[in-house]
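The values are calculated or read from the model by the stated rules, or taken from the named source; none is laboratory data. Keep in mind that what you see is a predicted model, and the values were worked out from it rather than measured. Every residue, glycine as well, gets a Cβ built from its backbone with ideal geometry; the counts of neighbours run over all protein chains shown.
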Amino acid sequence: MRVITYGTFDLFHDGHRRLLERAKELGDHLIVAVTTENFDDARGKLNVQQSLMDRIANVQDSGLADEVIIEEYEGQKINDIQKYGIDIFAIGSDWLGKFDYLNDYCKVVYLERTKGVSSTELRNESGILRIGVVGAGRIANRFVDESHFVSGVDIEGVFSRTYDTAREFAANHDLKFASQTYEGLLDDVDSVYIATPHHTHYDYAKRAIERGIHVLCEKPMTLSVHESEALFKLANDNKVVLLEAIKTAFSPGFQRMVAVARSGSIGDIRSVDATFTKLTSGDLRELDESQGGGSISELASYPLLAITKLLGANYTDIRTSSFRAKDSEVETFSRIDLTYPHAIASARTGLGVKAEGDLVVAGTKGYIYVPAPWWKTEYFEARFEDQTNNKKFYYKFDGEGLRYEIAEFSSLIRRGEADTFKLRQSESLTIAAIIESARSDAKIFN
């Protein structure tokens, strides 16, 4: 029986070895395909640290591969199966269902993750970042799925206020453990991703930082600029990374858009208008005042990111108008207007209402237009009076985009740096200050 498996095999560790051992047990000849850098990039794999030759050597040195080949392009698996007379295609169970189409060519086997692998050993040998997830909702599920596309990270376990929910989450994602207590989670990880209701972020982040644990915290990091300042100071004092998870900030297209806008190609920026609205998903937390719900807390981080990146922190006035239905605990549509010395900006947010979610940056020579959904920037245009000068820009935005923030978080930890130009601590604080002011001082309409 001839068996084939595929992977990046970056920072080869005991988990890789166990997977190859299991694959080898399925037959008498094991072929291992190692992905090239270009193919990894094309399929959205980020943060690969070793060269192709080093990764091939990792597999060869394991002594488990009878043959090593290179995977270079989409669709190659079908060709390889036919070319090498493969009987069994084997892959890790975190890809369950992804390769069922190959059953037309050979038997597909999903190999269960080896939960007995020592996390401490993994960390010491390979520099793998062990992440614990705090919360088990929609965004946490997407986070785990996206983490598979980032080399050098491993989602170890989960903590939720309801233990049964945590156990179900761990089982669904094949994690090593579900913890009954938050402290128990912190005992077995290097970092945490906090995806709980907004009003709980501060406490969870503070407790982790005090234990020397790195923190990636969903937006808004807190609902108070004072609490955000305190967390950043604590993180800096304890020499750990604290990063706010505004995914747009870390995506290639958005970064390039900011660079083009600020380069002077459209002249001096005079206004920024950004909109983010969505029809509610049935998540009652979003409309629960006690949990910090409302369109501003849920969505304003994104348009305010664009405004802060393009115009900075030195606004001179802020005014907010919000609509709140008579039977609602929270506002569901808001407009935040900011005045700067030489520009104006507007951020619109809405829950249960839908508007065109675009971004327009107006300058003295031209303007930049980013179509909806601009927070997943894949395409934008620089437009001018003379339309022959217009320029279109195209960039990838892979998956849900969470992989970009995971990769940056991991990279900061690996480099021993506390701050990143993609989302500076000072920018998170500016966004926090605007959100706090907008929520507390809005003029409410019914």
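Please find, within the stretch 358-395, the residue that is nearest to Arg262 (Cα to Cα) out of those that are among the aliphatic types (A, V, I, L, M) and touching a Leu at 6+ places or on another chain (Cβ under 7 Å). Write out each step before concluding.
Quick first cut of the stretch 358-395, residues among the aliphatic types (A, V, I, L, M) only: 359-362, 368, 370, 372, 382.
With the extra rule that they be touching a Leu at 6+ places or on another chain (Cβ under 7 Å), the set shrinks to 361, 370.
On the way: Val361: 10, Val370: 15 Å.
So, considering only residues that are among the aliphatic types (A, V, I, L, M) and touching a Leu at 6+ places or on another chain (Cβ under 7 Å), the one nearest to Arg262 (Cα to Cα) is Val361.
Considering each of Gly27, Gly7 in turn, give the residue that is among the small types (Gly, Ala, Ser), in contact with a strand residue (DSSP E or B) (Cβ under 9 Å, 6 or more places away or on another chain) and within 21 Å of Arg130 (Cα to Cα).
Gly7
Which of the residues that make up the stretch 288-298 are touching a residue at least 60 places away in the same chain (Cβ under 8 Å), surrounded by 22 or more Cβ atoms within 10 Å (Cβ to Cβ) and assigned to a helix (DSSP H, G or I)?
Selection gives Ile296, Ser297.
As an exercise: evaluate Ser290 against (1) of a type in the set (Gly, Ala, Ser); (2) under 18 Å from the mean Cα position of the chain (by Cα); (3) farther than 21 Å from Ser428 by Cα and give the number of the one condition it does not meet.
Unmet for Ser290, out of (1) of a type in the set (Gly, Ala, Ser); (2) under 18 Å from the mean Cα position of the chain (by Cα); (3) farther than 21 Å from Ser428 by Cα: (2).
Kindly evaluate Phe232 against the criterion of being of a type in the set (Phe, Trp, Tyr), within 30 Å of Thr349 (Cα to Cα) and either more than 22 Å from the chain's Cα centre (by Cα) or buried (at least 23 other Cβ atoms within 10 Å of the Cβ) (or both).
No: the conditions fail for Phe232.
Can you tell me which residues in the stretch 327-361 are surrounded by fewer than 19 Cβ atoms within 10 Å (Cβ to Cβ) and among the aliphatic types (A, V, I, L, M)?
Residues satisfying the conditions are Ile344, Val353, Ala355, Val360.
Hey, among Arg207, Arg256, which residue is under 30 Å from Thr364 (Cβ atoms) and either over 16 Å from the mean Cα position of the chain (by Cα) or outside any loop (DSSP other than H, G, I, E, B) (or both)?
Residue meeting the stated conditions: Arg256.
The conditions are (1) closer than 24 Å to Ala433 by Cβ; (2) of a type in the set (S, T, N, Q); (3) surrounded by fewer than 17 Cβ atoms within 10 Å (Cβ to Cβ), and Ser301 fails exactly one of them. Which is it?
Exception for Ser301: condition (3).
Could you tell me which numbered condition Ile88 fails, if it satisfies all but one of (1) surrounded by fewer than 21 Cβ atoms within 10 Å (Cβ to Cβ); (2) within 21 Å of Ser147 (Cα to Cα); (3) of a type in the set (Val, Ile, Thr)?
For Ile88, the failing item is (2).
Of these, Ala306, Ala313, Ala274, which one is among the small types (Gly, Ala, Ser), assigned to a helix (DSSP H, G or I), assigned by TED's automatic domain parsing to the domain that holds Lys365 and modelled with pLDDT of 95 or more?
Ala306
Kindly check whether there is at least one residue in the stretch 403-411 that is among the basic types (Lys, Arg), in the same structural domain as Ile296 (by TED's automatic domain parsing) and surrounded by fewer than 14 Cβ atoms within 10 Å (Cβ to Cβ).
Taking the stretch 403-411 first, the residues among the basic types (Lys, Arg) are 403.
With in the same structural domain as Ile296 (by TED's automatic domain parsing) added as a condition, the list becomes 403.
Next, only the ones that are surrounded by fewer than 14 Cβ atoms within 10 Å (Cβ to Cβ) stay: none.
The answer is no; no qualifying residue exists.
Taking into account only those residues within the stretch 69-83 that are crowded, with 17+ Cβ neighbours inside 10 Å and of a type outside the set (D, E, K, R), which is farthest from Lys45 (Cα to Cα)?
Ile81
With the condition kept exactly as written, say whether any residue in the stretch 144-160 is at pLDDT 95 or above and in a loop (DSSP other than H, G, I, E, B).
yes
Check whether at least one residue in the stretch 278-294 is under 26 Å from Val192 (Cβ atoms) and modelled with pLDDT of 95 or more, and report yes or no.
For the stretch 278-294, residues under 26 Å from Val192 (Cβ atoms) and modelled with pLDDT of 95 or more: absent.
For Asn446, which of the numbered conditions (1) more than 29 Å from Glu227 (Cβ to Cβ); (2) of a type in the set (S, T, N, Q); (3) surrounded by fewer than 20 Cβ atoms within 10 Å (Cβ to Cβ); (4) touching a helix residue (DSSP H, G or I) at 6+ places or on another chain (Cβ under 9 Å) fails to hold?
With (1) more than 29 Å from Glu227 (Cβ to Cβ); (2) of a type in the set (S, T, N, Q); (3) surrounded by fewer than 20 Cβ atoms within 10 Å (Cβ to Cβ); (4) touching a helix residue (DSSP H, G or I) at 6+ places or on another chain (Cβ under 9 Å) applied to Asn446, the lone miss is (4).
Residues checked against (1) closer than 19 Å to Asn446 by Cβ; (2) not charged (D, E, K, R):
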| site | (1), (2) |
| --- | --- |
| Asp268 | no, no |
| Lys278 | no, no |
| Gly293 | yes, yes |
| Glu298 | no, no |
| Gly312 | no, yes |
| Thr320 | yes, yes |
